[in-house]
1. How would you rank 239-252, 59-72, highest first, on the average number of other Cβ atoms within 10 Å across their residues?
2. Going highest first, how would you order 108-114, 143-149 by mean Cβ packing within 10 Å?
3. Can you tell me the order of 88-96, 18-26, 362-370, 202-210 when each peptide is scored by its average per-residue count of other Cβ atoms within 10 angstrom, highest first?
4. Is the shape of region 206-278 best called rounded, prolate or oblate, per the rule: a/c under 1.5 gives rounded, else a/b larger than b/c gives prolate, else oblate, with a ≥ b ≥ c the square roots of the Cα gyration tensor eigenvalues?
5. So, in nm, how far is label Leu170 from label Ala83 when the simple model puts each one 7 Å beyond its Cα toward the Cβ?
6. Please work out the C-alpha center-to-center distance from region 67-107 to region 17-36 and express it in whole Å.
7. Return the distance in nm (one decimal) between the two label points of a simple spin-label model at Ala364 and Asp258, each offset 7 Å from Cα along Cα→Cβ.
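Quick note: the coordinates plus some simple rules give every number you see, no bench work behind them. Small disclaimer: the values here were computed from a predicted structure and weren't measured. A quick note on method: Cβ atoms are made from the backbone with ideal geometry, for glycine too, and the neighbour counts reach across all protein chains shown.
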Amino acid sequence: MLIVLRNSWALLLGITLLMLGNGIQGTLLGVRGEIEGFSTGAMSVVMSSYFAGFLLGSQLVPTMIRRVGHVRVFAALGSLASAGLVLYPAIVDPIAWTGLRLLLGFCFCGVYIVAESWLNNTTTNETRGRALSLYLIAQMVGIVAAQALFALGDAAEYELFIIVSVLVSLAFAPILLSATPVPPFETAKAMSFRTLYHTSPLGFVGIFLLGAVFSAVFGMAGVYGALERLTAPQIALFVSAIYAGGLVLQYPIGWLSDRMDRRRLVIVLSFIGLAACALGFAGLGGFVGILVAGALVGGMANPLYGLLLAYTNDYLTTDDMAAASAQLLFVNGVGAIGGPLITGWLMGFVGPGGFWLFIGAQMALLAGYALWRMTRRKSTVVDEAAAFVPVAGGAVTPVTMTTVVDEWEEQIAADRENAA
């Protein structure tokens, strides 16, 4: 771990600063939109556009990198993101905010792709898994710290938007000054949707449903808090609880997933997530109940992403893992676009509780589909299953998926060697 920190500390610092800025942005816009009198439907479109931009970036940025190189793409997208962040309070209009969120989703996706490429280049086969874990921790630390910073400011003023822009700008310095040359950027050729679905129907459908969950949770949490009339510190605590739950429960759930039928674990986690949504919808326990519900939803949703990826790979050869992962990334992005839109509609129809209603519905669908799939296919032998690798759902890029696939291939090769 110390070797990884010594080689990659500047990159991890840059990622933390990026997540610090991006983490404030999502919460800040949800609260500021309520202050400006934007309707819930308008805010759902604004929040959804970020995920549309992120999906677009995952498809186009690799081509940009191959044409002009990592450094130029990184500098250009970083400058656009920093400029876009300070325009929110200057152009208070839902249409303008939708365009800015689309731009920022595209830019942040590209920035993550370049930063992750450099991070991968500083690791070896022996340290890749630890680097991926540290990267996940850096992401979560940045987002949780962002909520503390948000709570100290005033969403009705300009200062927080300026701070976000400054943080994003500062994030580029350690990355650019320490980055080493990277190899040519390569992406896997994706397999067809039909092939992917027939290979793992549960993985395909589950990843799609989780895309909607992630975008609803991370895109509409601030809007929900504002509609519930929570104070700024309370909203910050609520969002922090969601991310903290995802960080804390990744590894114990990953440990379980390598030792039991993954479909059973998917069902259990989905029902726990559904129960948490019921708790939040009912409002039991007041604000403490909301915090518990948020932590459990985040704690179930994030591990479910890595769990479904590992389950899909149980039915793939190592040669097909990269292609399947690239297509699953696209499926997840398509699901993410609709999450805030439907959540916003429900919140406008039934009130703030629509936030929990939508997420609970996705969890129920996932549990029901997993139960049905258990009647259609036998369980994978645990000893032959692909190992669980922690992944932060909601901000996964093609480079992240490449790293995960490389880690799977190394683990599979090591298991075969031990068996021999």
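1. Working: 239-252: 22.1, 59-72: 15.7.
Highest mean packing first, the order is 239-252, 59-72.
2. Values: 108-114: 26.9, 143-149: 21.9.
Taking the mean over residues of other Cβ atoms within 10 Å, the ranking is 108-114, 143-149.
3. On the way: 88-96: 14.3, 18-26: 26.1, 362-370: 21.1, 202-210: 24.3.
So the order, starting with the most tightly packed, is 18-26, 202-210, 362-370, 88-96.
4. Details: a/c = 2.64, a/b = 1.98, b/c = 1.33.
Prolate, because a/c is 1.5 or more and a/b exceeds b/c.
5. My value for the distance between the label points is 2.3 nm.
6. Cα centroid of region 67-107 versus Cα centroid of region 17-36: 14 Å apart.
7. The two pseudo-label positions are separated by 3.6 nm.
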